[in-house]
Amino acid sequence: MTGKRFLARRLGFYAVAVWSAVTLNFPIPRLMPGNPSLAIIEELERVSGQSLPPRTLESIQRLFGDPSANLGAQYLEYLGQLARLDLGVSIRNFPTPVSDLVWQGLPWTLLLVGSTTVVAFLIGTGLGVIAGWRAGGRFDSIVTPLTTFVSSVPYFWVALLGLWAFGFVLGWFPLAGGYDPDLLVGFNAPFALSVLHYGALPAATIVFSAFGGWLLGMRNMTVTTVREDYVLLALAKGLSPRRVMLRYAARNAMLPNFTGFALALGGVVGGALLTEIVFSYPGIGYLLYASLQQRDYPVMQGVFFLITLTVLLANLAADSVYALLDPRVRERA
Amino acid sequence: MARKGLLVVVVMMLATACSAGGQSRPNGSARADTIVFGKTDGGTTYVRNYNVVGPGTQKTPNSEMIYEPLARIDYSDGGTVKPWLAESLEFDEKGTRLTIKVRQGVRFSDGAPLTADDVVFSLGLPLDNPDFNLAGTTYKAVEKVDESTVAVTFDSPGFSEVNQFASPALPMLPKKLWEKQDLNTWTNPDPVGTGPFVLESFAAQQITLRARDDYWGGTFPMKYLKIIPTSADAGKAQLLRGEIDWALQAWSGAQEEYVAKDPQAHLYQMYATGGAYSMLYNTARPPFDDVHVRRALAMTIPRGDIVTTLNRPGTEAGPTGLVDLVYKDWLKPEYRGKVQQVDAEGAKRELAAGGWTVADGKLVKDGTSYEPTISFNQDFGWGSYADIMVNSWKSALGLQVKPAGAPGANLYESQQLGKFDLTIVATGGAGASGVYSMLAGRAAKPIGKKAATNLGRWRDPATDAALAKLLGTSDVGRLKQYAQEMQSIVVDKVPFSPIYNSYWFVVINAGRWTGWPTPEKFSYVPFPGLGPDSTMTLMNLKRAAQ
Amino acid sequence: MKVRVGVAIIAFFALVAIFGDWFSRAVLGLDPRANDIQAIAQPPSGEHLLGTTQFGQDVLAQVIAGASGSMFVGFLAAAIGTTLAVLVGATAGYFGGGVDGALNFLTNLFLVMPVLPLIFIVAGYLQGTGLWTIALIIGLFGWAGGARTLRAQAMSVAGRDFVRAMRLLGESNRRLIFAEVLPHLTGLIASMFLHAMIGAVLAEAGLAFLGISDSGAISWGTMIQSAQQQSAVLRGLWWWFVPPGLCIALIGTAAALVNFGVDEVANPKLRVTRTQRGRMVRSQAA
């Protein structure tokens, strides 16, 4: 099979996958109990601490009440909207378009989770090579079990402890938000530094929780690669162990980890849910959380659509890169 | 260990990089003119949406500093309605025609005066667009009488409904800017209102409002009101550090964790809303159609334990549904300050009087047994309080009640449909008639049909008779008399049972701004959702002596 | 050694999950739901060994009760997920051809689907319906990785000569799958099950933290969520939120330890020297 045909087939698969995901996302809100008008009424009563006048209830239900019965037409309308990238109007923020909300949150998530994914990957992979090169050595026997433990700790729990220790007790980091509210938004040094300051703690917790997976994966790949003949040969030729480790063993061991990395980049948009909630970070994960709590279906569907698209695009990219690097993949497909 | 060391290094590096950022913060002059409001329940970002009549729950916050209603509700005076943008609001004899005198000298922030035409337009919006009737208006028509007078008409006496003119959802809007807009798509990004502030700058994580110097009500000691998003936990720390001056949140443990650290500047205030969290019986469903069962369950709610775990001692609700702090003068003397203690013996006598026994944790009468369920909103962690009630019923009566938490929207749906045994609701409203109108028999629907109010399906001729009298007058003396009739009915027949009073929680750091009202002595509540009250609050603050 | 430690920890928590309720009521005399209004948010003491919550509930009793809640979700979700993985993966690998094509497409679809947001959304709609539902959702959305691994393994077993020969002799497919193919994969399936279990315990805790939980049930996740709701972290009530988090971490570590050991046996490549301790690389099996 040629590379072109391979890619065409993969493209076909991802097109079907996108369609499946958005279709799956269509009936879910419509089948479940509780509709947006009830969520709005509930929220308004909670905020005011009193029951709402009957006329208010009527008016809210008229606007957001039970969607009309014809599901088929609704479905076609829904697909058409998505195709035009028209994500509809938010209910919580009526009548603000969903795309406004999404664009407001997206840069923050990309910045925070994107950069930490790269950092975690670099740290984890680097340490993994060292651990795997001398498997059973002192570094390996301390770091590997410790990493296993760290990876088993629930992420949000780490984040909470981090917030408590460095935010509340030591006061080194701010507790909420994306930048200092006293500053003006723009490309200037104080603002950039403030974004760094506010992002540091959430970033640190993500790296802390995420690098373990890369480390363990890389270590095991290195352990197997180290026994390969070409590595032994290189060592026998008298090349320096350091050079062999980095140039020969690590390079080849990287391959599976690298596809994993591409997938992780795709997961960036969706992966920020817990972080953004703990740190009140203004990204897309928090948007999804808030919209779910308020049954803001258009926003939920919009965010989910975006997450699906990025994950699938990253997968496609990973597939293509892999196919370029490793001819065997093409043949198997 | 090496790994840990490396992490520490990374963290330290980030920390140093950041503290540099912290120092570059401009402080001093800007902050001195500004009061900062930390909004704890609005998410992490705001959208620019000043479509103030739209039903969204997360529109741009604090728009009530820009748009004002005709009246305000005075919670320091029994929840009565006082004029605001109106100079007066007066009913005719029958209570079907309300004449509104428009306040003179009020200008929108673009310089145009507020006219009777603007008022007619604003009051007509919910009539022309029923979808945008967020204020729940009940009047049928609006007409302009002369250049400064507007009249609205009701189908039936509207005495008890005048509070709708105090709703922040019924603001006075400039007709010329609003009449051509499509409310379904317009987000009104550049708001023009009669209120004391204008939008100075908008960013997703901070909104700055600037005080007008031509506001009809007077001048302000501060130049800017800044609104920033925060979370409940972070907000507490920011209040402690003085980064926020003003916030709204319930803070259990505030006395030790906040007030004690600086009693002068750290204020934690609770203002009674006049309502309560109550247990509602589904009186259309046995065994809760039996007054003895209702009384027995109400008598064994451990109200003291619940307010203890809430860290709000002394806030147990009385038996009438009217809260002492707001309706002191309205309550029958025997109900004033009344705390309902757990009375297991009395409750057992009630069950016996109704012919009920408890066997295997079930309520039994004439061979039929019932296993009650109590539903509540799990989103606020109410489950722990339900557990306290369940434990009490078990130890006092041997009755096993099943707790059933549900998320808000689902719970609300089951309440509307009458698919519950016992449930927790917020009771309350403007004035005694607002509190009791939910018991009107005509609002009761059969189980399975959605009811807007009267979720407990209460039908009682005596209630309806007393309510009709209560809603048919504006004379305060007679209102009080009829309200007391309703109190006796509620205490005797127990259509619902109040558990603890609800409050507006205000947390203040008065390090920069002093002169805040206190729950002991106030004529306005420093709560933004109440509209004009926050205007009065800000206007009467003073810069703290540094 | 690692396997033993891991198994011991898991066995301990399994015992706690099964007998803990009886133990805390009969031996310790504690009720996880009882409210001691005299002791609200108290640190550990003689009377309450791990302190109390804001509602005067005993944290030790809650941790014990939470073990059964969390382990129940973990076990049920892992059982569902593993069963699905075996059904889809082994069938696809064994039969190949069109069956494989269809099932493999399904597997890939679930692999690339953003599962966490999807679970979050589905569970959000269903919330309030109990630990069963939560376990079901986690199981239903978490089987694809395992199925992919199993498919590859089943493919290689099915391709071996003895299986081919038996097939030619007319042995029924069902018997071949259950008697010949699956037994070769038990080690792998067991390790998958453990992974799925810890994954489900973590997922339950994460969902509870997001507010998606059964408020009537006690699990480690709901404990942490309840503590969070009462600002336990800010107020320094560490005895409330540290124990459940530690328990989750311990179980996770135990499962990883067991898998280390299993892999050493299962994967000869990682066993080249005696000193080397390794873990099978999952992608190798793919």
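The values are calculated or read from the model by the stated rules, or taken from the named source; none is laboratory data. Bear in mind that the values here come from a model prediction, so they are computed numbers and not experimental data. Neighbour counts are summed over all protein chains in view; Cβ atoms, including those assigned to glycine, are modelled from backbone coordinates with ideal geometry.
Only one of B:280, B:351 is within 30 Å of residue B:367 (Cβ to Cβ), touching a His at 6+ places or on another chain (Cβ under 9 Å) and not small (Gly, Ala, Ser); which?
Working: B:280 fails: touching a His at 6+ places or on another chain (Cβ under 9 Å).
Just a single option satisfies the conditions, and that option is B:351.
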Q. Among the residues of segment B:391-423, which ones are crowded, with 22+ Cβ neighbours inside 10 Å, over 19 Å from residue B:347 (Cβ atoms) and more than 12 Å from chain C (Cβ to nearest Cβ)?
A. B:412, B:415, B:418, B:420, B:423
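Would you please name the residue that is farthest from the other protein chains (Cβ to nearest Cβ), looking only at residues in segment C:37-50 that are of a type outside the set (S, T, N, Q) and over 23 Å from residue B:382 (Cβ atoms)? Break it down stepwise before answering.
At the first step, the residues of segment C:37-50 found to be of a type outside the set (S, T, N, Q) are C:37, C:39-41, C:43-44, C:46-50.
Going one step further and asking which of them are over 23 Å from residue B:382 (Cβ atoms), we end up with C:43-44, C:46-50.
Details: C:43: 14, C:44: 18, C:46: 22, C:47: 18, C:48: 15, C:49: 21, C:50: 17 Å.
Result: C:46.
Would you confirm, using the coordinates I've provided, whether residue B:243 is crowded, with 18+ Cβ neighbours inside 10 Å, outside any strand (DSSP E or B) and more than 8 Å from every other protein chain (Cβ to nearest Cβ)?
Criteria met by residue B:243.
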Q) Does residue A:286 count as under 30 Å from residue A:175 (Cα atoms), in contact with an Asp or Glu (Cβ under 6 Å, 6 or more places away or on another chain), assigned to a helix (DSSP H, G or I) and modelled with pLDDT of 85 or more? A) yes
Q | Inter-residue pairs, beta-carbon under 9 Å, first under 14 Å from residue B:39 (Cα atoms) and in segment B:199-213, second among the β-branched types (Val, Ile, Thr) and assigned to a strand (DSSP E or B), 6+ apart | A | B:205/B:228; B:206/B:227; B:206/B:228; B:207/B:227; B:207/B:228; B:208/B:34; B:208/B:227
(Q) It is to be established whether one or more residues within segment B:353-374 are without any contact (Cβ under 8 Å) to a residue 24 or more places away in the chain, among the hydrophobic types (A, V, I, L, M, F, W, C) and outside any helix (DSSP H, G or I). (A) yes
(Q) It is to be established whether one or more residues within segment B:259-277 are within 25 Å of residue B:540 (Cα to Cα), assigned to a strand (DSSP E or B) and free of Cβ contacts under 8 Å to residues at least 12 places away in the same chain. (A) no
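Go through segment C:123-236 and tell me which helices (runs of 4 or more DSSP H), entirely inside it, have 1 or more residues that are hydrophobic (A, V, I, L, M, F, W, C), crowded, with 24+ Cβ neighbours inside 10 Å and touching a helix residue (DSSP H, G or I) at 6+ places or on another chain (Cβ under 8 Å).
Counting at least 1 such residues, we get C:130-141, C:144-158, C:186-209, C:220-229.
Only one residue in A:258, A:211 is in a helix (DSSP H, G or I), modelled with pLDDT under 80 and within 23 Å of residue A:133 (Cα to Cα). Which one?
Checking each option against the conditions leaves just A:258.
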(Q) For a quick check of your reading of the model, give me the residue pairs whose first member lies in segment A:167-186 and is on the phi > 0 side of the Ramachandran plot, whose second is of a type in the set (Phe, Trp, Tyr) and buried (at least 23 other Cβ atoms within 10 Å of the Cβ), with beta-carbon atoms closer than 9 Å and at least 6 apart or on different chains. (A) A:177/A:198; A:177/A:279; A:177/A:281
Q. Within segment B:468-484, can you find the residues that are farther than 17 Å from residue B:79 by Cβ and touching a residue at least 12 places away in the same chain (Cβ under 8 Å)?
A. B:469, B:472
Q.
Which pairs turn up if I take residues in segment B:118-147 that are within 14 Å of another protein chain (Cβ to nearest Cβ) and surrounded by 14 or more Cβ atoms within 10 Å (Cβ to Cβ) and look for partners that are of a type in the set (A, V, I, L, M, F, W, C) and part of a helix (DSSP H, G or I) with beta carbon separation below 6 Å, at least 6 apart in sequence or on another chain?
A. B:131/A:63
Q | Subset tally (residues that are surrounded by fewer than 21 Cβ atoms within 10 Å (Cβ to Cβ), at pLDDT 85 or above and within 8 Å of another protein chain (Cβ to nearest Cβ)) for segment A:151-165 | A | 1
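Give, as residue ranges, the strands (runs of 3 or more DSSP E) completely inside segment B:75-114 that count at least 2 residues that are at pLDDT 95 or above.
Working: elements: B:80-83, B:86-91, B:97-102.
Fully inside segment B:75-114 and qualifying: B:86-91, B:97-102.
Just checking, which of B:313, B:302 is modelled with pLDDT under 90, out of contact with any strand residue (DSSP E or B) (no Cβ under 8 Å at 6 or more places or on another chain) and either under 28 Å from residue B:401 (Cβ atoms) or of a type in the set (Lys, Arg) (or both)?
One residue alone meets the criteria, B:313.
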Q. What tally of residues in segment B:497-508 results from selecting those that are touching a Lys or Arg at 6+ places or on another chain (Cβ under 9 Å) and not aliphatic (A, V, I, L, M)?
A. 5
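Would you confirm whether or not segment C:12-28 contains a residue that is in contact (Cβ under 8 Å) with a residue 12 or more places away in the chain, touching a His at 6+ places or on another chain (Cβ under 9 Å), surrounded by fewer than 18 Cβ atoms within 10 Å (Cβ to Cβ) and of a type outside the set (Val, Ile, Thr)? So that I can check it myself, show each step before the final result.
In the first step, residues of segment C:12-28 are kept if they are in contact (Cβ under 8 Å) with a residue 12 or more places away in the chain; the result is C:13-14, C:16-18, C:20-21, C:23-24, C:28.
Next, only the ones that are touching a His at 6+ places or on another chain (Cβ under 9 Å) stay: none.
Within segment C:12-28, none of the residues are in contact (Cβ under 8 Å) with a residue 12 or more places away in the chain, touching a His at 6+ places or on another chain (Cβ under 9 Å), surrounded by fewer than 18 Cβ atoms within 10 Å (Cβ to Cβ) and of a type outside the set (Val, Ile, Thr).
Sort out which residues of segment B:355-369 are surrounded by 17 or more Cβ atoms within 10 Å (Cβ to Cβ) and under 12 Å from residue B:290 (Cβ atoms), and write them in order of number.
We begin by selecting, within segment B:355-369, every residue surrounded by 17 or more Cβ atoms within 10 Å (Cβ to Cβ); these are B:356, B:358, B:363, B:365.
Result: B:356, B:363, B:365.
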Q. What residue, among those in segment C:51-77 that are away from chain B (no Cβ under 14 Å) and either in a loop (DSSP other than H, G, I, E, B) or among the small types (Gly, Ala, Ser) (or both), is surrounded by the most Cβ atoms within 10 Å (Cβ to Cβ)?
A. C:70
Q. If we scan segment A:262-273, do we find a residue that is modelled with pLDDT of 70 or more, in a helix (DSSP H, G or I), over 30 Å from residue A:12 (Cβ atoms) and in contact with a Phe, Trp or Tyr (Cβ under 7 Å, 6 or more places away or on another chain)?
A. yes
**Q.** Any chance residue A:57 is surrounded by 19 or more Cβ atoms within 10 Å (Cβ to Cβ) and modelled with pLDDT of 65 or more
**A.** yes
